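**Q** What follows is a structure written as structure tokens; I'll ask about it next.
The values are calculated or read from the model by the stated rules, or taken from the named source; none is laboratory data. This is a predicted model, so every value here is computed, not measured. Here the Cβ is made from the backbone with ideal geometry for all residues, glycine too, and neighbour counts use every protein chain on show.
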Amino acid sequence: MRIAVLGTGMMGYPMARRLCAAGHVVHAWNRTPAKAQGLAEFGATVHSQARQAVHDADWVLTMLEHGDVVESVLFDPENGVANSLSAGTVVVDMSSIRPAQARAHAQRLEALQLHHLDAPVSGGTIGAEQGTLAIMAGGRPEVFERAADLFSPLGRATRVGPCGSGQLAKLANQMIVGITIGAVAEALLLCEKGGADMAQVKAAISGGFADSRILQVHGERMVQRDFTPRGRMSIQLKDLRNALQTAAEIGFTAPITQQFEALYAQGVAHGDAELDQAALFCELARRNGLQ
């Protein structure tokens, strides 16, 4: 498969590397060129312009920061790649954007005789490196089936509905992740302030009904005070805001998500934007006079 990967940051880079290892012909581009250069040693061809990367591509995989960037990379009048693609090319947007944006992009691409899947992922940088991502795809069934060999090196893909549905599933994922991080942080901090050993509390409740991947992965980061970014606070905040905007568009009330959006926003405002999303722990610690 001839695949163009547009966006080789924390997630896109290991995903592109796995596609190279699977034997695909990979062409890579990133707005900051240095972030893509290392892919050359794995067999990828690195380009300075996105339009060069998509030349002769059968598949265009985007992993970009937010929906406005995706729209610019695809449709910018001067530098957008959509007009450079051959009819029948499939654009697989694995970025996390709003469902309404994904549907709009799909319509514009179809008008150019191109196909679209919105296929955001969950699993973080660990999942990207190990090829164990959960991939939530929206689009036509026949296009999704054609993408099996593209998705296979990256993780487990599930089609959840028409275009835009993948982004709905990702918002659901991010709501659960963001809220659960807050629950774990608040519970562990309660124990610490009350005099219990936080690490031992985590060990004690592991295996019970309160256990979760969030407790094991993000809870351990809290215990270790390790907030090196894997998924940033600013990105989690963006996703929660996308969830609330989508909820408003369809007339759905999400009070729990609204409360946590405010907490993440306060953490970002206090300087934690570039820390791991588990750093919501820091905002809750500050509120309770803990280090």
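**Q** Scan the range 271-291 residue by residue and report those that are among the small types (Gly, Ala, Ser) and outside any helix (DSSP H, G or I).
**A** At the first step, the residues of the range 271-291 found to be among the small types (Gly, Ala, Ser) are 271, 273, 278-279, 285, 289.
The answer is 273, 289.
**Q** Only one of these conditions is not met by residue 258: (1) closer than 26 Å to residue 103 by Cα; (2) buried (at least 18 other Cβ atoms within 10 Å of the Cβ); (3) not acidic (Asp, Glu). Which number is it?
**A** With (1) closer than 26 Å to residue 103 by Cα; (2) buried (at least 18 other Cβ atoms within 10 Å of the Cβ); (3) not acidic (Asp, Glu) applied to residue 258, the lone miss is (2).
**Q** Pull up the range 64-96, narrow it to residues that are among the hydrophobic types (A, V, I, L, M, F, W, C) and within 13 Å of residue 3 (Cα to Cα), then point me to the one that is farthest from the chain's Cα centre (by Cα).
**A** Taking the range 64-96 as the starting set, the residues that turn out to be among the hydrophobic types (A, V, I, L, M, F, W, C) are 64, 69-70, 73-75, 81-82, 85, 87, 90-92, 94.
With within 13 Å of residue 3 (Cα to Cα) added as a condition, the list becomes 85, 90-92.
Numbers: 85: 25, 90: 20, 91: 17, 92: 13 Å.
That would be 85.
**Q** Take the residues in the range 131-179 that are among the basic types (Lys, Arg) and outside any loop (DSSP other than H, G, I, E, B), then tell me which one is surrounded by the fewest Cβ atoms within 10 Å (Cβ to Cβ).
**A** 156
**Q** Out of contact with any Ser or Thr (no Cβ under 9 Å at 6 or more places or on another chain) and part of a strand (DSSP E or B) - does that describe any residue in the range 190-204? If you could, list the steps in order and put the result at the bottom.
**A** Residues of the range 190-204 that are out of contact with any Ser or Thr (no Cβ under 9 Å at 6 or more places or on another chain), as a first pass: 190-204.
This time we only want the ones that are part of a strand (DSSP E or B), so: none.
No.
**Q** Counting only residues that are in a loop (DSSP other than H, G, I, E, B) and either under 15 Å from residue 166 (Cα atoms) or among the charged types (D, E, K, R) (or both), how many does the range 103-121 have?
**A** Start the filter on the range 103-121 by keeping residues that are in a loop (DSSP other than H, G, I, E, B), which leaves 112-114, 119-120.
Keeping just the survivors that are either under 15 Å from residue 166 (Cα atoms) or among the charged types (D, E, K, R) (or both) gives 119-120.
Selection size over the range 103-121: 2.
**Q** Can you pull out the residues in the range 237-248 that are modelled with pLDDT of 95 or more and either buried (at least 21 other Cβ atoms within 10 Å of the Cβ) or outside the structural domain of residue 263 (by TED's automatic domain parsing) (or both)?
**A** 237, 240, 243
**Q** Restricting attention to the range 79-103, which residues are out of contact with any helix residue (DSSP H, G or I) (no Cβ under 7 Å at 6 or more places or on another chain), within 24 Å of residue 30 (Cβ to Cβ) and among the aliphatic types (A, V, I, L, M)?
**A** If the condition is that a residue be out of contact with any helix residue (DSSP H, G or I) (no Cβ under 7 Å at 6 or more places or on another chain), within 24 Å of residue 30 (Cβ to Cβ) and among the aliphatic types (A, V, I, L, M), then 85, 94 are the ones that fit.
**Q** Now, a different point. Of all the residues that make up the range 35-56, how many are among the aliphatic types (A, V, I, L, M) and over 18 Å from residue 69 (Cβ atoms)?
**A** Pass one, the range 35-56, residues among the aliphatic types (A, V, I, L, M): 36, 39-40, 44, 46, 50, 53-54.
Then keep just the ones that are over 18 Å from residue 69 (Cβ atoms); that gives 39-40, 44, 46.
Of the residues in the range 35-56, 4 are among the aliphatic types (A, V, I, L, M) and over 18 Å from residue 69 (Cβ atoms).
Yes/no per residue for (1) within 18 Å of residue 284 (Cβ to Cβ); (2) acidic (Asp, Glu); (3) within 24 Å of the chain's Cα centre (by Cα):
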site: 200; (1), (2), (3): no, no, no
site: 211; (1), (2), (3): no, yes, yes
site: 220; (1), (2), (3): yes, yes, yes
site: 245; (1), (2), (3): no, no, yes
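**Q** Here is a check on your reading of the model: is residue 218 within 12 Å of residue 178 (Cα to Cα), outside the structural domain of residue 10 (by TED's automatic domain parsing) and part of a helix (DSSP H, G or I)?
**A** Values: within 12 Å of residue 178 (Cα to Cα): yes; outside the structural domain of residue 10 (by TED's automatic domain parsing): yes; part of a helix (DSSP H, G or I): yes.
It is true that residue 218 is within 12 Å of residue 178 (Cα to Cα), outside the structural domain of residue 10 (by TED's automatic domain parsing) and part of a helix (DSSP H, G or I).
**Q** Suppose the filter is assigned by TED's automatic domain parsing to the domain that holds residue 146, modelled with pLDDT under 95 and buried (at least 24 other Cβ atoms within 10 Å of the Cβ); does residue 96 pass it? Outline the logic, then answer.
**A** Numbers: assigned by TED's automatic domain parsing to the domain that holds residue 146: yes; modelled with pLDDT under 95: yes; buried (at least 24 other Cβ atoms within 10 Å of the Cβ): yes.
Yes; evaluated as a whole, the condition is true for this residue.
**Q** Checking residue 113 against (1) on the phi > 0 side of the Ramachandran plot; (2) polar (S, T, N, Q); (3) touching a Pro at 6+ places or on another chain (Cβ under 6 Å), only one condition comes out false. Which one?
**A** All conditions are met except number (3).
**Q** Name the residues in the range 163-197 that are of a type outside the set (Val, Ile, Thr) and in contact with a Gly (Cβ under 6 Å, 6 or more places away or on another chain), would you?
**A** Just the residues of the range 163-197 that are of a type outside the set (Val, Ile, Thr), to begin with: 163-175, 178, 182-183, 185-197.
Across the range 163-197, the qualifying residues are 163, 164, 165, 166.
**Q** Only one of (1) within 27 Å of residue 236 (Cβ to Cβ); (2) among the hydrophobic types (A, V, I, L, M, F, W, C); (3) surrounded by fewer than 18 Cβ atoms within 10 Å (Cβ to Cβ); (4) touching a residue at least 40 places away in the same chain (Cβ under 8 Å) fails for residue 104. Which number is that?
**A** Here residue 104 clears every test but (4).
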